[in-house]
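> Let me give you the structure first, and then I'll get to my questions.
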Amino acid sequence: MKFLKSVKDEMKKVTWPTKKQLRKDTLIVIETTILFAILFFVMDTAIQTAFGWILR
């Protein structure tokens with residue numbers, strides 16, 4: 001029970017983000033994920049094309 005009480009006390013100290021901050025951070029994560037997906041797609045396509053030329 002002491003553990004649960006200390007968990008409850010620690011949770012009171014947590015600073016939760018506002019809805020605005022949460023929305024902003026979520027959009028940053030989504031944008032970054034899309035950016036990396038595009039970057040990896042371009043790099044993968046370039047490497048496949050280069051190997052295709054080399055192995056011809």
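Rule-based calculations on the coordinates, nothing more; no lab input. For clarity, every value in this text was computed on a predicted model and none was experimentally measured. Backbone-built Cβ (ideal geometry, glycine too); neighbour counts: all protein chains shown.
> Would you be able to say whether some residue in segment 31-50 is among the small types (Gly, Ala, Ser) and surrounded by fewer than 10 Cβ atoms within 10 Å (Cβ to Cβ)? Please lay out each step first, then the result.
Residues of segment 31-50 among the small types (Gly, Ala, Ser): 37, 46, 50.
Pick out the ones that are also surrounded by fewer than 10 Cβ atoms within 10 Å (Cβ to Cβ) and you get none.
So far as segment 31-50 goes, no, none of its residues is among the small types (Gly, Ala, Ser) and surrounded by fewer than 10 Cβ atoms within 10 Å (Cβ to Cβ).
> Which one of these is surrounded by 10 or more Cβ atoms within 10 Å (Cβ to Cβ) and among the hydroxyl-bearing types (Ser, Thr, Tyr): Thr26, Thr15? Don't jump to the end; show me each part of the working.
Numbers: Thr15 fails: surrounded by 10 or more Cβ atoms within 10 Å (Cβ to Cβ).
Going through Thr26, Thr15 in turn, just one is surrounded by 10 or more Cβ atoms within 10 Å (Cβ to Cβ) and among the hydroxyl-bearing types (Ser, Thr, Tyr): Thr26.
> While we're looking at this one, here's another question. Of Thr45, Thr15, Thr26, which residue is part of a loop (DSSP other than H, G, I, E, B) and hydroxyl-bearing (Ser, Thr, Tyr)? Can you show your working first?
Details: Thr45 fails: part of a loop (DSSP other than H, G, I, E, B); Thr26 fails: part of a loop (DSSP other than H, G, I, E, B).
The match here is Thr15.
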